[in-house]
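Only the coordinates and a few stated rules stand behind these numbers; no lab work does. None of the values given here were measured: they were computed from a predicted structure. For neighbour counting, all protein chains shown are included, and Cβ atoms are generated from backbone atoms with ideal geometry for every residue, glycine included.
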Amino acid sequence: MERNLCPVVAIANQKGGVGKTTSAINLAQALALQDLKILLVDLDPQGNATQGVGIPLESIQASISDLIRDRNFQVEGAIYKGDGLDLIPATPLLSRVEREMASMTNSELRLSQRLQPLRSQYSLIVVDTPPTFGPLMNSALNAANQIIVPVDSSYFALMGIKELMAEVEEIQRGTNPTLSVLGYLLTLADPTNIANQTWETLLSNFGSVVFETKIRRSVKLKEAPAFGKTIFHHAPDSVGAQDYLGLAHEVMARLKIGDITSLVSNSRPALAVVKGAVNE
Ligand SMILES: Nc1ncnc2c1ncn2[C@@H]1O[C@H](COP(=O)(O)OP(=O)(O)OP(=O)(O)O)[C@@H](O)[C@H]1O
Ligand SMILES: [Mg+2]
């Protein structure tokens, strides 16, 4: 990693509904609660990450669309500031921008270029990606140093991983040779045989690249976005908060960011931190 430039981590899996956005939001907030300065970038026209941290889509003046479309658009103008967690939002306009990208020069490198000056201002940049291969996904894979691959605990969970890795290899051969997988993350884990089988298969295929933390299926995690809150605001004592805090610790260790020696083992964040966050 270049000196003083923070890592960019994309949460990617073209399979829909595997917990990408849930992981992006709650990992970002968990890291912010560890005194790290985090930028969350929503790169999905669904805008789920944006809404999930409490920004209503109709209130948005500037978004990631402006940064991709207009090289002269001031990047700071699209950042929504929180307490430790900042956001560059997305709106449905981004799907039009994705179509326009076909006729823009170097369109799939623009995100990377636009994030570059921000990398000296944050401890980590987390990018939430859409559930489709295309210019936006490619932009995320070009901008990222590493990816986290959420894998849901279903029978078909592992089928798309090969295609995702083929895309990653293509990007490595082309524009981003050092792109790598930070970790595979089991999500929506429950006590079923299928979930156990998915876990075992992940371990046998990817070994220690699989995060030890499993994100358990929980009602609190499912309902939090409806309130525009991360799990740490909605239910700080829940298993969901515990799981994402555990993941944050593993991510910090793997990326060597933050103060690992003073990690808070308690899953309950200080209320003062919670109150000041972006969605309060
Ligand atoms: N651990 C969990 N427990 C319960 N529900 C969950 C959990 N993780 C995610 N969900 C729910 O599952 C659904 C899909 O999750 P999420 O939106 O995070 O997936 P995604 O991969 O981002 O989806 P998309 O591909 O559409 O972007 C959402 O309703 C979310 O609230
Ligand atoms: Mg999503």
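The fraction of Cα-Cα pairs per 10 angstrom bin, counted from 0 for the chain, comes to 7, 32, 39, 20, 3, 0 percent, rounded to whole percents.
Taking 41 Å as R0, compute the FRET efficiency from the Cβ-Cβ separation of residue 194 and residue 96 and round it to 0.05. Rounded to the nearest 0.05, the efficiency is 0.60. Taking amide H atoms as placed 1.01 Å from N in the peptide plane, the amide H of residue 151 lies under 5 Å from those of 185, 186, 187, each 5 or more residues away in sequence or on another chain.
Helix-only arithmetic for the chain: the sum of -39500 (n - 2.57) across DSSP H runs with n ≥ 4, divided by the residue total, places the mean residue ellipticity at 222 nm at -10500 deg cm²/dmol.
When 99, 114, 119 are sorted by how many other C-beta atoms sit within 10 angstrom of their C-beta, beginning with the fewest, the order is 99, 119, 114. Of all lysines in the structure, the ones whose alpha carbon falls short of 24 Å from that of residue 20, not counting any fewer than 8 places away in one chain, are 37, 81, 162, 214, 220, 222, 229, 256. By the Cα gyration tensor, the range 151-244 has an equivalent ellipsoid whose semi-axes, rounded to whole angstrom, run 28, 18, 12 from largest to smallest. Amide H contacts for residue 15 (H built 1.01 Å from N in the peptide plane; partners 5 or more residues away or on another chain; cut-off under 5 Å): none found.
For the chain, relative contact order (Cα pairs under 8 Å, six or more residues apart, normalised by length) works out to 26 percent. Rounded to the nearest Hz, the phi-derived 3J(HN,Hα) couplings of the range 40-54 under the Karplus curve 6.51 cos²θ - 1.76 cosθ + 1.60 (θ = phi - 60°) are 9, 10, 8, 10, 10, x, 5, x, 5, 5, 4, 5, x, 9, x, where x marks glycine and proline.
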